[in-house]
Amino acid sequence: MTPSQVIKYLKEILDEQDAEFAEDTLLVGSSSSIDSMSLVQLCLRLEEAALTQGFSFDWASEKAMSSMNSVFRTPRSISNEFNTQLTNSQRNP
């Protein structure tokens with residue numbers, strides 16, 4: 001999963017192909033670019049993508065829900081977490 005793929009999902013969810021997102025666009029917090037419902041839809045989309053790759057994306061983990069180190073902070077952090085979970089699932093089938 002690349003940050004560009006996360007951005008593509010966001011644009012599809014928002015139905016705004018011209019929306020401006022960068023790899024480091026803030027997605028959570030006081031200056032977030034999306035609302036909470038869109039974030040949930042993104043999580044569901046990531047779950048679907050994970051299933052096609054043979055693992056379960058855990059977006060409700062303690063780490064994911066931590067406000068300080070939220071994996072949902074930016075498209076890049078989401079991509080990194082997705083790839084970490086994918087790698088871990090391949091090590092521990």
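Taken together, the values in this text are just the output of simple stated rules run on the coordinates, not laboratory data. Remember, predicted model here, so these are calculated numbers, not experimental data. We place every Cβ from the backbone using ideal geometry, glycine too, and count neighbours over all the protein chains shown.
Please rank SER89, SER36, fewest neighbouring Cβ atoms within 10 Å first, as an exposure proxy. Provide the component values of the computation, followed by the final result.
On the way: SER89 16, SER36 9.
Lowest count first: SER36, SER89.
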Margin query: Test of understanding: ordering SER30, SER56 by Cβ neighbours within 10 Å, fewest first, what list do you get?
Written below: SER30, SER56
Next item on the list: Towards the positive end of the charge dipole of the chain, with charges on Cβ (+1 Lys, Arg; -1 Asp, Glu), say which of PHE21, SER31, PRO75 has the farthest Cα.
Entry: PRO75
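Report D for the stretch 1-89 in µm² per second (integer): Stokes-Einstein, Kirkwood Rh on Cα pairs, 10 °C, 1.306 mPa s. Working shown, then result.
Numbers: Rh = 13.0 Å.
Answer from the Stokes-Einstein relation: 122 µm²/s.
Calculate the dipole size of the chain relative to its Cα centre from +1 charges on Lys and Arg beta carbons and -1 charges on Asp and Glu beta carbons; express the result in debye to the nearest 20.
On the way: 7 positive and 13 negative charges, 76 e Å.
Computed charge dipole of the chain: roughly 360 debye.
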Item checked: Likely footprinting exposure, ASP58, ASP15, fewest C-beta neighbours within 10 Å first -> ASP15, ASP58
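On full extension of the chain, what length is gained from SER61 through CYS43, given 0.36 nm per residue of separation minus the C-alpha to C-alpha distance? Write down the numbers at each step before the final one.
On the way: separation 18, 0.36 × 18 = 6.48 nm, distance 1.21 nm.
Full extension of this stretch gives 5.3 nm more.
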Check: Could you give the nm distance between label points at ASP15 and LEU86, where each point is 7 Å from its Cα heading toward the beta carbon?
Finding: 2.9
